[in-house]
Amino acid sequence: APRPRIFSGMQPTADSLHLGNYLGALVNWVALQDSHEAIYSVVDLHALTVNPDPGVLLERTRRTAAQYLAAGIDPQRSILFVQSHVAEHAELAWVLSCYTGFGEASRMTQFKDKAARQGTEGANVGLFTYPVLMASDILLYDAALVPVGEDQRQHLEITRDLAQRFNARHGDTFVVPEPHIVRATAKIYDLGDPTAKMGKSTSTATGLVDLLADPAVIAKRIRSAVTDAEREIRFDPEAKPGVSNLLTIHSALSGRSIDQLVEDFTGRGYGDLKKELAEVVLDFVTPFQATVRGYLDDPAELDRVLAVGAERARAIAAPTLATVYERIGL
Ligand code: ADP
């Protein structure tokens, strides 16, 4: 049987991915490559919604691709490409926007949150139609599964609704995708405020762990992570969010189970846990940074990998769009 197809992407909106992106998304993407036909994109069209400086956007697109590769996305087995290199994404987005209710799009909580921060007047229409572009990303490839974090569940729901609506009107055209959410690391929390998710624009001043940050800074942030007034190391996300977050990160990177860690740390203090976690994180981050540097120092090779990826992506996306056009009278 053919392997089920999956699609996922991240926006190039930062110089570095953070530990939440890595443990919540990338690790999972890497693991899925064996069992699935995986398509991974750097979704630069989505990043336009924040109106980045052109040079900065280009650089971040490359850095994001390099970090995918360093994390273990294998461009031989999987398709790795930049969204804007495949014009079909923007074309299908226009079509699907004509099938999306204004009220329906208005109910998206991510838009409401961002608009609340910027003010509805300041928010651009791209931010509003973002979920429609995301639906296009997924539906172009007949993806059966979409690995996403909890925060993207609602956008996947609208993708499913659009696929079903289009299929009902024009005949079976799109595969209706299912979310694929990995529970254990679905949410990595901010080190400075362990009740909030780690996020590039939402984290506290010392709560973010950027994968490409200076290792000394990373170690310092882990050592100063907020915990609680008890002394006992146990996994209890409700009562002990800080300690539990540290255990989650340790377990995900070291491969030791949380139960095992709790046992090993019995009778020891938070300082010990933080010290060991800093080592575990640096053991991962140090070779990761070197690999990313290698890709960035060889722009011709990175361009070649991304050009091959775009070619392979287009070979799937173009026939899907052709079918859509034919069915709707274009
Ligand atoms: P950010 O929240 O930093 O802006 P994005 O929204 O660009 O990150 O998310 C990129 C990917 O990383 C998504 O799949 C998202 O679910 C995942 N992700 C982001 N932050 C976290 C987190 N704190 N824990 C787990 N996964 C996360």
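The values are calculated or read from the model by the stated rules, or taken from the named source; none is laboratory data. Bear in mind that the values here come from a model prediction, so they are computed numbers and not experimental data. So basically every Cβ, Gly included, is an ideal-geometry build from the backbone, and we count neighbours across all protein chains shown. SASA here: full protein model, heavy atoms, side chains in, ligands and nucleic acids out. Shrake-Rupley method; radii C 1.70, N 1.55, O 1.52, S 1.80 Å.
Does Asp190 count as among the charged types (D, E, K, R), more than 17 Å from Gly242 (Cβ to Cβ) and within 13 Å of the ligand (Cβ to nearest atom)? Spelling it out, it is not the case that Asp190 is among the charged types (D, E, K, R), more than 17 Å from Gly242 (Cβ to Cβ) and within 13 Å of the ligand (Cβ to nearest atom). When the helices (runs of 4 or more DSSP H) confined to segment 224-330 are screened for residues that are within 30 Å of Arg77 (Cβ to Cβ), those reaching at least 3 such residues are found at 241-254, 270-296, 299-328. Residue count for segment 210-223 satisfying the condition of being of a type outside the set (Lys, Arg) and not in a loop (DSSP other than H, G, I, E, B): 7. Sort out which residues of segment 197-210 are more than 16 Å from the chain's Cα centre (by Cα) and at pLDDT 95 or above, and write them in order of number. The answer is Gly207, and nothing else. Would you check if there is a residue in segment 53-74 being more than 26 Å from Asp297 (Cα to Cα) and within 15 Å of the ligand (Cβ to nearest atom)? Within segment 53-74 (the criterion being more than 26 Å from Asp297 (Cα to Cα) and within 15 Å of the ligand (Cβ to nearest atom)), the answer is no, since none of the residues qualifies. If the condition is being open to solvent by less than 50 Å² (accessible area, probe 1.4 Å) and within 15 Å of the ligand (Cβ to nearest atom), then segment 211-244 contributes Leu211, Leu212, Ala213, Ala225, Pro241, Gly242, Ser244. Any residue at all in segment 75-83 that's part of a helix (DSSP H, G or I) and away from the ligand (no atom under 12 Å from the Cβ)? Scanning segment 75-83 turns up at least one residue that is part of a helix (DSSP H, G or I) and away from the ligand (no atom under 12 Å from the Cβ). Residue count for segment 34-51 satisfying the condition of being under 13 Å from Val82 (Cα atoms), among the β-branched types (Val, Ile, Thr) and either near the ligand (Cβ under 10 Å from one of its atoms) or without any contact (Cβ under 8 Å) to a residue 60 or more places away in the chain (or both): 2.
Output the residues belonging to segment 13-33 that are more than 9 Å from the ligand (Cβ to nearest atom) and not hydrophobic (A, V, I, L, M, F, W, C). Scanning segment 13-33 gives Asp15, Ser16, Gln33.
A single member of Ala1, Ala31 is surrounded by fewer than 18 Cβ atoms within 10 Å (Cβ to Cβ), among the hydrophobic types (A, V, I, L, M, F, W, C) and not in a helix (DSSP H, G or I), and it is Ala1.
Yes or no, residue by residue, for (1) touching a residue at least 24 places away in the same chain (Cβ under 8 Å); (2) within 24 Å of the chain's Cα centre (by Cα); (3) surrounded by 15 or more Cβ atoms within 10 Å (Cβ to Cβ):
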position: Gly255; (1), (2), (3): no, yes, no
position: Val262; (1), (2), (3): yes, no, yes
position: Asp272; (1), (2), (3): no, no, no
position: Leu277; (1), (2), (3): yes, yes, yes
position: Thr286; (1), (2), (3): yes, yes, no
position: Tyr295; (1), (2), (3): yes, yes, yes
position: Ala300; (1), (2), (3): no, no, no
position: Leu306; (1), (2), (3): yes, yes, yes
position: Ala310; (1), (2), (3): yes, yes, yes
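When you scan segment 69-93, how many residues do you find that are among the hydroxyl-bearing types (Ser, Thr, Tyr) and in contact with a strand residue (DSSP E or B) (Cβ under 6 Å, 6 or more places away or on another chain)? Result for segment 69-93: 1.
For first residues located in segment 197-210 and at negative phi, partners that are open to solvent by 50 Å² or more (accessible area, probe 1.4 Å) and near the ligand (Cβ under 6 Å from one of its atoms) and lie 6+ apart or on another chain with Cβ distances below 6 Å form the pairs Lys197/Lys187. One residue stands out among those in segment 105-148 that are among the charged types (D, E, K, R) and either closer than 23 Å to Gly9 by Cα or in a strand (DSSP E or B) (or both): the one that is most open to solvent (accessible area, probe 1.4 Å), which is Arg107. For segment 1-43, which positions are among the acidic types (Asp, Glu) and under 13 Å from the mean Cα position of the chain (by Cα)? Residues satisfying the conditions do not exist here.
Can you tell me which residue within segment 152-173, out of those that are surrounded by 15 or more Cβ atoms within 10 Å (Cβ to Cβ) and among the charged types (D, E, K, R), is farthest from the ligand (Cβ to nearest atom)? Checked segment 152-173; the qualifying residue farthest from the ligand (Cβ to nearest atom) is Arg165.
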